[in-house]
Amino acid sequence: MDNEILIVEDESRIARFISLELEHEGYKTKSIISGREGLEEALKKDYDLVILDVMLPDLNGIEVLRRLRQVKSTPVIILTARDQVMDKVAGLDLGASDYMTKPFAIEELLARIRANIKKHVGIRASELVFGRLRVDTEARKATYGDEPVDLSKKEFDLLVYLLENRNIVISREKMLDGVWGFEFFGNTNVVDVYIRYLRVKIDEKYGINMIETVRGAGYIIRE
Ligand code: CA
């Protein structure tokens, strides 16, 4: 597989353990004990993933991540201590792909590494992702897991509009305007009809709660 992983961890016992396990699984690894040098290395070379301890003596992991994210989207799994809830939150806010709380089972770390490398490689610029739902706006195809989701043109457009505006409550009028535009001169009921179609094809079919109704305001897809 030849994926290369950078390990930034000052506790040599842990770093060595992770590195041995990863190499056993076929990864190439490099271990660095300082935050400052770890950041330099992660910027210099394109690693497939970085395992980043938060508590580092010179530059802490959160700061390393913040500076790395200004330049690169390399997947990062941060390692935090059990009582460092704030680090976990800060790390995820800054764009960490995942976190592990020490002490952790190596199998779990390996699973997260696999998942995060795969996710990173799999995402295309034209793709909108919501959980297991993937919507490719260029190929105009939607899939849920491995299954294709069969959508009409308007259903597809509405779904894309909702996903592109996620975390925002969108009124029916706005949706009409954004999705149907000039070609439509009816009332906003058509939006409810199409939301219903999407819910049958996605929410109900896969047992998820993707599209929420906000009473008197419209609809929202929340992250
Ligand atoms: Ca440490």
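Among the GluC sites (Glu not before Pro) within region 6-95, which fall in a DSSP loop and have no more than 15 other Cβ atoms within 10 Å of their own Cβ?
Numbers: sites: Glu9, Glu11, Glu21, Glu23, Glu25, Glu37, Glu40, Glu41, Glu63; in loops: Glu9, Glu11, Glu25.
The qualifying sites are Glu11, Glu25.
Once the dipole of region 1-100 is set up with Lys and Arg at +1 and Asp and Glu at -1 on Cβ about the Cα centre, which of Gln84, Leu65, Ile51 lies farthest towards its positive end?
So the residue we want is Leu65.
About the Cα centre, and with charges only on the beta carbon of Lys, Arg (+1) and Asp, Glu (-1), how big is the dipole of the chain? Nearest 20 debye, please.
500 debye
Pop out the ³J(HN,Hα) list for region 186-191 in order, Karplus 6.51 cos²θ - 1.76 cosθ + 1.60 with θ = phi - 60°, rounded to Hz; leave Gly and Pro as x.
In residue order, the calculated couplings are x, 9, 6, 4, 4, 4 Hz.
Whose amide H sits under 5 Å from the amide H of Ser31, counting only residues 5 or more places off or on another chain, with H placed in the peptide plane?
Ile7
Along the charge dipole of the chain, which of Pro103, Asn116, Val193 sits closest to the positive end, that is, farthest toward it, with unit charges on the beta carbon of Lys, Arg, Asp and Glu (+1, +1, -1, -1)?
Ranked along the dipole, the leading option is Val193.
Toward the positive end of the charge dipole of region 124-223, about the Cα centre and with charges on Cβ (Lys, Arg +1; Asp, Glu -1), which of Leu128, Ala217, Leu162 goes farthest?
Ala217
Using the Karplus curve 6.51 cos²θ - 1.76 cosθ + 1.60 with θ = phi - 60°, what ³J(HN,Hα) values do you get for each residue of region 152-157, in whole Hz, with x for Gly and Pro?
Going residue by residue, I get 6, 4, 5, 4, 4, 4 Hz, with x marking Gly and Pro.
Anyone know which of Leu39, Leu109, Leu176 comes out most mobile in the 10 Å Cα GNM of the chain?
Its mean-square fluctuation being the largest, the pick is Leu176.
Taken together, the values in this text are just the output of simple stated rules run on the coordinates, not laboratory data. Just so we're clear, the structure is a prediction, and the values are computed from it rather than from any experiment. As a convention, Cβ positions derive from the backbone with ideal geometry for all residues, glycine included, and neighbour counts pool all protein chains shown.
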